[in-house]
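The values are calculated or read from the model by the stated rules, or taken from the named source; none is laboratory data. These numbers were taken from a predicted model, which means no experiment stands behind them. Cβ placement follows ideal geometry from the backbone for every residue including glycine, while neighbour counts extend to all protein chains displayed.
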Amino acid sequence: MRDENRMSSNRIIFANQLRGIGALSVLVSHYIGIFWLAHPEISKLMGVPELLTFPSLPDALKLLSEYCIVFGQFGVGVFFIVSGLVIPISLKNVSWQDFILRRAIRIYPVYIVGFCIVILSIYLLSRYAGSDFKYTPGEIFAHFGVITRGPLGVDRIDGISWTLEVEIYFYLIMLATAKLLLRNGIKETIAASLLVSFIAFLVMHNNKYLLGVQIGSGLMLLLGVAFYKFINNKISKKEFILLQAILCALIPITWFCGTGITKYTQHWVYGYLLAIFTFNACFYLKDKIKDNAFLSHLADISYPIYVVHALFGYSIMYVALDNGLGVYSSICAAVISAYVASLALHIFVEKPTMLWIKQSHAKRSAVQNS
């Protein structure tokens with residue numbers, strides 16, 4: 001319990017606010033970058049024709065757009081490091097059944113309801129555009145289990161669930177290996193890092209890039225585990241620095257050797273390395289970082305934002321542009337709509353389900369202690 005309290009005091013402000021910054025970074029990536037750079041592909045994914053009069057981004061936004069992959073992977077990288085840091089806490093003093101239940105309640109209600117909002121937005125957009133809705137009930141339901149989509153042979157609709165797949169598999173792997181991986185020292189973590197890097201390289205090298213990326217992203221989760229071990233005196237500062245150096249080296253080695261050095265892979269790696277640098281800087285400055293109400297609020301709704309923002313926001317921008325709104329107005333409309341939808345998800349789905357699981361855990365603990 002002492003370790004858990006210590007961990008909580010170390011992470012609440014700096015790590016939580018980084019989640020808020022990560023959410024903003026992902027919005028920039030998708031709303032200022034991906035939607036504009038990949039409009040034909042986005043339109044095809046939503047099952048609607050390309051807009052005939054599609055505007056160019058103003059010069060003020062072009063630089064942000066050019067580095068949209070960096071922004072996106074910075075945000076994702078922050079989320080992964082935070083998960084690697086906090087999941088070992090969630091494993092403390094709970095049964096494996098309780099851990100799975102709590103993680104499932106954390107992930108699935110928000111994702112399923114958020115995904116339904118996304119699907120509804122695509123359906124309404126197809127009606128607006130006079131197109132046939134392209135997704136079957138089977139394809140939609142296959143996404144509800146997150147990790148069920150791939151084995152069922154269904155193409156990903158939402159574009160963001162690949163990170164949730166990584167998270168869920170990380171939970172399962174941590175359940176199986178926590179006693180080994182969380183031992184004092186760095187040998188096990190180094191071995192796990194080398195194994196993850198090697199498998200990711202093989203998969204990428206065999207032209208399965210996204211699967212390789214998912215596996216390779218385990219390096220970011222292991223970095224979060226390294227922070228957990230350092231904070232709890234399971235490794236020394238020298239070991240911590242060595243472990244970080246190894247992980248920071250393995251990320252570009254894995255990506256560049258697995259896929260070659262391209263602008264896309266460079267930006268992906270830069271995003272992850274920027275997340276690592278930022279997380280380290282905030283960690284070492286954590287005593288000077290004060291709570292920020294805006295970032296804390298964004299952190300509170302960061303998961304709903306991540307789940308609902310992409311295709312839902314793209315649908316809003318599509319309609320806005322089609323009705324003559326400018327670039328800035330369309331982006332603002334998407335941001336406001338995504339915020340409202342995310343806030344509703346947080347208030348009506350996320351908070352009640354998390355409260356329920358806490359109350360259930362408290363009741364079980366009271367019964368066991370009586």
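Numbers below:
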read-out: Test for Lys229: is it in contact (Cβ under 8 Å) with a residue 40 or more places away in the chain and in contact with an Asp or Glu (Cβ under 9 Å, 6 or more places away or on another chain); value: yes
read-out: Some residue of region 164-183 being at pLDDT 95 or above and among the polar types (S, T, N, Q); value: no
read-out: Where a residue in region 138-149 is of a type in the set (S, T, N, Q) and its partner, wherever it lies, is assigned to a helix (DSSP H, G or I) and surrounded by 14 or more Cβ atoms within 10 Å (Cβ to Cβ), with Cβ under 7 Å and at least six apart; value: Thr148/Ala142
read-out: Filter result for Tyr264 (under 30 Å from Asp155 (Cα atoms) and either of a type outside the set (A, V, I, L, M) or in a loop (DSSP other than H, G, I, E, B) (or both)); value: yes
read-out: Positions within region 63-84 being surrounded by fewer than 16 Cβ atoms within 10 Å (Cβ to Cβ) and either modelled with pLDDT under 95 or touching a Lys or Arg at 6+ places or on another chain (Cβ under 7 Å) (or both), in sequence order; value: Leu63
read-out: Per-region count, region 79-99, residues more than 17 Å from Gln214 (Cβ to Cβ) and within 12 Å of the chain's Cα centre (by Cα); value: 1
read-out: Candidate set: region 213-237, residues that are of a type in the set (S, T, N, Q) and surrounded by 17 or more Cβ atoms within 10 Å (Cβ to Cβ); chosen: the one modelled with the lowest pLDDT; value: Asn232
read-out: Verdict on Ser329 being part of a helix (DSSP H, G or I), without any contact (Cβ under 8 Å) to a residue 12 or more places away in the chain and of a type in the set (S, T, N, Q); value: yes
read-out: Index of the failed condition, Ile289 passing every other in (1) part of a loop (DSSP other than H, G, I, E, B); (2) out of contact with any Cys (no Cβ under 7 Å at 6 or more places or on another chain); value: (2)
read-out: Within region 190-212, tally of residues that are surrounded by 18 or more Cβ atoms within 10 Å (Cβ to Cβ) and polar (S, T, N, Q); value: 2
read-out: Per-region count, region 199-226, residues closer than 17 Å to Gly84 by Cβ and not in a helix (DSSP H, G or I); value: 1
read-out: Scope region 245-280; condition surrounded by fewer than 17 Cβ atoms within 10 Å (Cβ to Cβ) and of a type in the set (S, T, N, Q); matching residues; value: Thr262, Gln266, Asn280
read-out: Subset of region 137-150 [over 20 Å from Gly47 (Cα atoms) and modelled with pLDDT of 95 or more]; value: Phe144, Gly145, Val146, Ile147, Thr148
read-out: Subset of region 173-189 [in a helix (DSSP H, G or I) and surrounded by 14 or more Cβ atoms within 10 Å (Cβ to Cβ)]; value: Ile173, Met174, Leu175, Ala178, Leu181, Glu188, Thr189
read-out: Number of positions in region 227-275 that are out of contact with any helix residue (DSSP H, G or I) (no Cβ under 6 Å at 6 or more places or on another chain) and either under 19 Å from Ile87 (Cα atoms) or of a type in the set (Lys, Arg) (or both); value: 7
read-out: Residue in region 124-135 that is of a type in the set (D, E, K, R), over 25 Å from the mean Cα position of the chain (by Cα), modelled with pLDDT of 95 or more and not in a loop (DSSP other than H, G, I, E, B) present; value: yes
read-out: Number of the exception - Val327 against (1) surrounded by 18 or more Cβ atoms within 10 Å (Cβ to Cβ); (2) within 30 Å of Ala249 (Cβ to Cβ); (3) more than 22 Å from the chain's Cα centre (by Cα); value: (2)
read-out: Filtered residues of region 232-243 (kept if part of a loop (DSSP other than H, G, I, E, B) and touching a residue at least 40 places away in the same chain (Cβ under 8 Å)); value: Asn232, Lys234, Ile235
read-out: Lone qualifier among Ser337, Ser315 - being in a helix (DSSP H, G or I) and surrounded by 20 or more Cβ atoms within 10 Å (Cβ to Cβ); value: Ser315
